[in-house]
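As structure tokens, the structure follows; a few thoughts come after it.
Values in this text are rule-based calculations from the coordinates and carry no lab data. What you see is a predicted model, and the numbers here were worked out from it, not measured in a lab. FYI the Cβ positions are ideal-geometry reconstructions off the backbone, even for glycines, and counts take in every protein chain you see.
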């Protein structure tokens, strides 16, 4: 398989998730804030491969232990070998237009960058955790080199629907991310919170890629 396609597919595995968004094939109340989003059949598409801050805000109350589950498919992009995908969880507020942050929330982000500007971001495949403190300010909490996993889904193919499941405990900050190709395995980390999380929104976003999302099986 073409290596560039493999990397794009890996991107949309993502450290992300959302709770029952596609109930009966419909989204809850939402705002297409930036990018080219559309509902087509039972899938949600972000079609603009050049959008750097593509974002859809989705209203979902969150408190306590939350399970975010969906499937995702790579649709194109990452022409400059730089792209990413992620989701803000437990957001207290959202901005209906282009924005860097998303109120008070945490952003789980999967990134591929062949030549990152920041020394804090590993070259190649990596994951980042950001703490958003406003619509314009976020701070990088941690960054993880994932290049050793780059070959995991080489045989999956660019048209594969990858199942994503994430559990976030808003009381303790514990996060569990399941392996999309082996649902019996997972990784864990902590958000290091000083108070219980609650929020009314999630924000799904992409950078430099097109992707589609659907209801988990």
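Among 188, 165, 172, rank each residue by its count of other Cβ atoms within 10 Å, from fewest to most, as a rough exposure measure. Walk me through the numbers before you get to the answer.
Working: 188 9, 165 18, 172 14.
Fewest-to-most ranking of 188, 165, 172: 188, 172, 165.
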Worksheet item: When only Cα pairs under 8 Å and 6 or more residues apart are kept, what is the percent relative contact order across segment 100-209?
Response: 17
Item to complete: For a footprinting-style exposure proxy, rank 108, 81 by other Cβ within 10 Å, fewest first.
Response: 81, 108
Item to complete: Compute the separation of the alpha-carbon centres of segment 98-114 and segment 65-81 and state it in Å as a whole number.
Response: 13
Item to complete: Treat the count of other C-beta atoms within 10 Å as a stand-in for reagent exposure and order 90, 186 from fewest to most.
Response: 186, 90
Fill in: Segment residue 184-residue 139, length gained on full extension (0.36 nm per residue, minus Cα span)
13.0 nm
Worksheet item: If you take the beta carbon distance between residue 192 and residue 98 as r and set R0 to 35 Å, what does 1/(1 + (r/R0)^6) give as a FRET efficiency, to the nearest 0.05?
Response: 0.75
Worksheet item: Once the principal axes of the Cα atoms of segment 101-181 are found, what is the range along each, listed largest first in whole angstroms?
Response: 40, 32, 21
